[in-house]
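Heads up: the structure comes next, in structure tokens.
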Amino acid sequence: MLEELKQDAQTRMTKSIESLRTELSKLRTGRAHTSLLDHIMVDYYGSNVPINQVANVSVQDSRTLAVSAWEKPMVPVIEKAIMNSNMGLNPVTAGEVIRVPLPPLTEERRKDMTRIVRQEGENARIAIRNIRRDVLGDIKQLLKEKEITEDDEHRAQDEIQKITDKNVAEVDKAIEVKEKDLMEI
């Protein structure tokens, strides 16, 4: 029973870290990468779909993305979606290929992005601590129902704390890497 709780806690904490990494990948650094446009939705014959389902997104060079629509009528729709994405991007259409040059980040924008990264990290830490709280509550419930001994409870609490510390350290590492990436010119 305790082993299942530990496995559940580890799985849920890992999902929190994966969610953090997904959010961090959406934040734009100075370099181009294809996941930058993943969350932009395009109107495709009446339904909103991610841009990568109607076009091929590739990195042309370190500061330029190339978007190749699979259907010619989608080119202006994709271009409009990129412009309206509030990412400060100005796509340039050349035939069937849309080039998206990434403007260099200003110092002020880098600091704003760093703040956002730290906030996302704090949200991940809060999620991990909430998972710990839930699992510890379950352990106390098992003790109350006399399914485990007090020694088992203390041992399980220590192990849950170790799992929590390990996952919080992983969050800190992910934040540090992203901040370093943002501050690089």
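The values are calculated or read from the model by the stated rules, or taken from the named source; none is laboratory data. Everything numeric here is computed off the predicted structure, so don't read it as measured data. Because the Cβ atoms are built from the backbone with ideal geometry, glycine has one as well, and the counts that use them run over all protein chains shown.
For segment 14-37, which positions are surrounded by 15 or more Cβ atoms within 10 Å (Cβ to Cβ), in contact (Cβ under 8 Å) with a residue 60 or more places away in the chain and either part of a loop (DSSP other than H, G, I, E, B) or more than 14 Å from the chain's Cα centre (by Cα) (or both)? Residues satisfying the conditions are 27, 28, 29, 30, 32. Against the list (1) exposed (fewer than 12 other Cβ atoms within 10 Å of the Cβ); (2) modelled with pLDDT of 85 or more; (3) assigned to a helix (DSSP H, G or I), the condition residue 121 fails is (1).
Given the structure, is residue 91 surrounded by fewer than 14 Cβ atoms within 10 Å (Cβ to Cβ) and not aliphatic (A, V, I, L, M)?
No, not satisfied.
Scanning segment 61-75 for residues that are under 14 Å from residue 93 (Cβ atoms) and surrounded by fewer than 16 Cβ atoms within 10 Å (Cβ to Cβ) yields a count of 4.
Under 18 Å from residue 25 (Cα atoms), surrounded by 14 or more Cβ atoms within 10 Å (Cβ to Cβ) and without any contact (Cβ under 8 Å) to a residue 60 or more places away in the chain: does that describe residue 40? Please lay out each step first, then the result.
On the way: under 18 Å from residue 25 (Cα atoms): yes; surrounded by 14 or more Cβ atoms within 10 Å (Cβ to Cβ): yes; without any contact (Cβ under 8 Å) to a residue 60 or more places away in the chain: yes.
Against the criterion (under 18 Å from residue 25 (Cα atoms), surrounded by 14 or more Cβ atoms within 10 Å (Cβ to Cβ) and without any contact (Cβ under 8 Å) to a residue 60 or more places away in the chain), residue 40 qualifies.
So residue 113 ticks every box in (1) outside any helix (DSSP H, G or I); (2) over 24 Å from residue 13 (Cβ atoms); (3) in contact (Cβ under 8 Å) with a residue 40 or more places away in the chain but one. Which box is left unticked? (1) is the only condition that residue 113 fails.
Filtering 86, 167 for residues that are on the phi > 0 side of the Ramachandran plot and under 24 Å from the mean Cα position of the chain (by Cα) leaves a single hit, 86.
When the test is whether a residue is outside the structural domain of residue 145 (by TED's automatic domain parsing) and under 15 Å from residue 97 (Cα atoms), residue 49 does not pass it.
Take the residues in segment 160-185 that are in contact (Cβ under 8 Å) with a residue 40 or more places away in the chain and surrounded by fewer than 16 Cβ atoms within 10 Å (Cβ to Cβ), then tell me which one is nearest to residue 109 (Cα to Cα). If you could, list the steps in order and put the result at the bottom.
First pass over segment 160-185, keeping only residues in contact (Cβ under 8 Å) with a residue 40 or more places away in the chain: 160, 163-164, 167-168, 170-172, 174-175, 178-179, 181-185.
Those left that are additionally surrounded by fewer than 16 Cβ atoms within 10 Å (Cβ to Cβ): 172, 181, 183-185.
Values: 172: 22, 181: 13, 183: 10, 184: 13, 185: 12 Å.
Top of the filtered list is 183.
Kindly evaluate residue 156 against the criterion of being crowded, with 19+ Cβ neighbours inside 10 Å, over 21 Å from the mean Cα position of the chain (by Cα) and under 30 Å from residue 32 (Cβ atoms).
Numbers: crowded, with 19+ Cβ neighbours inside 10 Å: yes; over 21 Å from the mean Cα position of the chain (by Cα): yes; under 30 Å from residue 32 (Cβ atoms): no.
Against the criterion (crowded, with 19+ Cβ neighbours inside 10 Å, over 21 Å from the mean Cα position of the chain (by Cα) and under 30 Å from residue 32 (Cβ atoms)), residue 156 does not qualify.
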